[in-house]
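The values are calculated or read from the model by the stated rules, or taken from the named source; none is laboratory data. Model, not experiment: these values are computed from the prediction. Virtual Cβ from ideal backbone geometry, glycine too; neighbours counted across all protein chains shown. In case anyone asks, the SASA skips ligands and DNA or RNA and just uses the protein heavy atoms, side chains included. Shrake-Rupley method; radii C 1.70, N 1.55, O 1.52, S 1.80 Å.
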Amino acid sequence: MNYEETLEYLYNQLPVYQKVGGTAYKEGLDNSLSLDKYFSHPHTKYKTIHIAGTNGKGSTSHLLAAVLQQSGYKVGLYTSPHLVDFRERIRVNGEKISKQYVLDFVTKHREAYEPIQPSFFELTMMMAFQYFADTNVDIAIIEVGLGGRLDSTNIITPILSIITNISFDHMQFLGNTLEKIAAEKAGIIKKDIPVIIGEAEEDVRKVFDDTAKRVGAPIVFAEDEKLIHSSLRTASGWLYDTKYYQQLKGELSGYAQIKNTATVLCAIRELQKQGYIIPSKAVYNSFAYVNEYTGLMGRWQILQDYNPKIVCDTGHNEAGMKYISEQLVNERYDTLHIILGMVNDKDISSVLSLLPKKAIYYFTKASVPRSMNERSLQELAVKKGLTGYSYPTVKEAIRAAKDWATPSDFIFIGGSNFVVADALIEFGYE
């Protein structure tokens, strides 16, 4: 097989949650442990940081990776899902895993892992772990795929655990209350391993507190640390005044990034306590250039600066859309155009209820089987007072919005990772 054939094999022979949803989800750690044994426990050959949460995992993971990378450490980064290129999931110092390594990994180990019948996520996770070992990273940041307690990644013993926040998503697997969801994500909390909680209130906070006490883990709530004194949104992102870094420029400009920044700053302090040398210059550079250093995409990403301004964002659940809707209201434009597509296993009604009614909508469908039919989405949206037109592909929706929009208008693209992925391809990202 060549590289393209290898990818087709991975997508077609292994259950891929990104494409088909719940039927690809495998609960439990048995497969991960079997793979781990076969590969001789590669994740034990370097330090790890484990990051869970409903929203903000990607931004937090990439920011922390950039900080450590700029501090002189060789850093592995494992995240999911990818947007444009499979290799986005596995990086070392911002560089994607090579096509040759992917091909060789599958070719060499296929006969050994196929009897285990791993999911796509389980196998690609182990590919990442092995790649990080082979490239001799100092530390790897591992993002949880779904949940925490029974997520494939929960076989690692990290030096630091982070849970960004809790909100409603994947309820069919994690539970239908915030407390149940929190309990699943709290499953990554381990004895004697410090855990940082980015955002938690009332009953959710109690779940984390109780779990940390029960297992014997030091716990820090980032909000209690009050590390950010003020934040000002500028044309190029956020400008923070913080306890340890004055005039800290943050390239990531979404409203949700204030919480993520507090979480990362808290993580930096904890790593410094553990002996990691993190110079101030590394922090300033990383916040200012995280996209360049790590390849992060899709977080309030400006695809076109003007005539008209076009932005995409991967926020796709109720909590994520709250931030996006607030940000859309505060943008300056004559007319707002929203290209929207969603997957059929989300709480679509709640998301639609949050979106601004004073906008022209372009309902569309991304190029994955999980995508909701654009006409069905339009019918649901009309009931929420959202009006517009439907288009069978993201490409056609973008073309229509550009035709309709004037130079002083604003076009937003979102609703799902997959709509953003199709948009990025349309705008020439690889």
Within the set of pairs 6 or more residues apart or between chains, which connect a residue that is farther than 30 Å from GLY72 by Cβ inside region 109-137 to a residue that is small (Gly, Ala, Ser) and open to solvent by less than 40 Å² (accessible area, probe 1.4 Å) with Cβ atoms less than 7 Å apart? SER119/ALA24; PHE120/ALA24; PHE121/SER80; PHE121/GLY145; PHE121/SER152; GLU122/SER32; GLU122/SER152
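Conditions (1) farther than 14 Å from ASP422 by Cβ; (2) in the same structural domain as TRP238 (by the TED database); (3) modelled with pLDDT of 95 or more, marked per residue:
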site	(1), (2), (3)
THR335	yes, no, yes
GLY341	no, no, yes
ASN344	yes, no, no
ASP347	yes, no, no
LEU355	yes, no, yes
TYR362	no, no, yes
SER371	no, no, no
Residue hits (region 299-310; surrounded by 22 or more Cβ atoms within 10 Å (Cβ to Cβ) and of a type in the set (A, V, I, L, M, F, W, C)) are TRP300, ILE310
Only one residue in VAL84, VAL102, VAL75 is open to solvent by 20 Å² or more (accessible area, probe 1.4 Å), under 25 Å from the mean Cα position of the chain (by Cα) and among the β-branched types (Val, Ile, Thr), so which one is that? VAL84
Every residue in region 384-430 that is hydroxyl-bearing (Ser, Thr, Tyr) and surrounded by fewer than 19 Cβ atoms within 10 Å (Cβ to Cβ), please. THR387, TYR389, THR393, THR406, SER408, TYR429
All but one of (1) in contact with a Ser or Thr (Cβ under 6 Å, 6 or more places away or on another chain); (2) at pLDDT below 90; (3) surrounded by 24 or more Cβ atoms within 10 Å (Cβ to Cβ) hold for ASN55; which doesn't? (1)
Residues of region 200-235 being exposed (fewer than 12 other Cβ atoms within 10 Å of the Cβ), part of a loop (DSSP other than H, G, I, E, B) and of a type in the set (Gly, Ala, Ser), which ones? GLY216, ALA235
For region 63-74, pairs from a residue that is under 19 Å from TRP238 (Cβ atoms) and free of Cβ contacts under 8 Å to residues at least 12 places away in the same chain to a residue that is of a type in the set (Gly, Ala, Ser) and open to solvent by 30 Å² or more (accessible area, probe 1.4 Å), with Cβ under 7 Å and 6 or more apart or across chains, are none
Considering only residues that are closer than 20 Å to LEU33 by Cα, touching a helix residue (DSSP H, G or I) at 6+ places or on another chain (Cβ under 6 Å) and modelled with pLDDT under 95, which ones fall in region 145-173? GLY145, GLY147, GLY148, ARG149, SER152
Is at least one residue of region 281-290 in contact with a strand residue (DSSP E or B) (Cβ under 6 Å, 6 or more places away or on another chain), at pLDDT 95 or above, among the aliphatic types (A, V, I, L, M) and under 30 Å from TYR73 (Cβ atoms)? yes
GLN69 vs. criteria modelled with pLDDT of 95 or more, within 24 Å of ILE425 (Cα to Cα), open to solvent by 10 Å² or more (accessible area, probe 1.4 Å) and assigned by the TED database to the domain that holds GLU270: no
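Yes/no matrix, rows are residues, columns are (1) hydroxyl-bearing (Ser, Thr, Tyr); (2) within 17 Å of ALA66 (Cβ to Cβ):
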| residue | (1), (2) |
| --- | --- |
| ARG205 | no, no |
| LEU227 | no, no |
| LEU239 | no, no |
| TYR245 | yes, yes |
| GLY250 | no, yes |
| TYR255 | yes, no |
| ASN260 | no, yes |
| CYS266 | no, yes |
| GLY275 | no, no |
Options LYS185, LYS190, LYS273; residue that is open to solvent by 70 Å² or more (accessible area, probe 1.4 Å) and outside the structural domain of LEU328 (by the TED database): LYS273
Is there any pair linking a residue in region 385-408 that is under 15 Å from MET342 (Cα atoms) to one that is open to solvent by 80 Å² or more (accessible area, probe 1.4 Å) and of a type outside the set (D, E, K, R), with Cβ under 8 Å and at least six apart or on different chains, and which? THR393/SER367; VAL394/SER367
Under 8 Å by Cβ, and 6 or more places apart or on different chains, what pairs join a residue from region 241-264 that is free of Cβ contacts under 8 Å to residues at least 60 places away in the same chain with one that is among the acidic types (Asp, Glu) and open to solvent by less than 60 Å² (accessible area, probe 1.4 Å)? GLN247/ASP241; LEU248/ASP241
Within region 121-146, residues surrounded by 22 or more Cβ atoms within 10 Å (Cβ to Cβ) and either among the small types (Gly, Ala, Ser) or not assigned by the TED database to the domain that holds THR263 (or both) come out as ALA128, ALA140, GLY145
Does region 250-264 contain any residue that is over 22 Å from the mean Cα position of the chain (by Cα) and either open to solvent by less than 60 Å² (accessible area, probe 1.4 Å) or in the same structural domain as SER325 (by the TED database) (or both)? no
Residues located in region 356-383, provided they are surrounded by fewer than 19 Cβ atoms within 10 Å (Cβ to Cβ) and over 19 Å from CYS312 (Cβ atoms): LYS357, LYS358, PRO369, ASN373, ARG375, SER376, GLU379, LEU380, VAL382, LYS383
Residues that are closer than 22 Å to ALA256 by Cβ: list the helices (runs of 4 or more DSSP H) wholly contained in region 311-425 that include at least 2 such residues. 318-330, 348-354
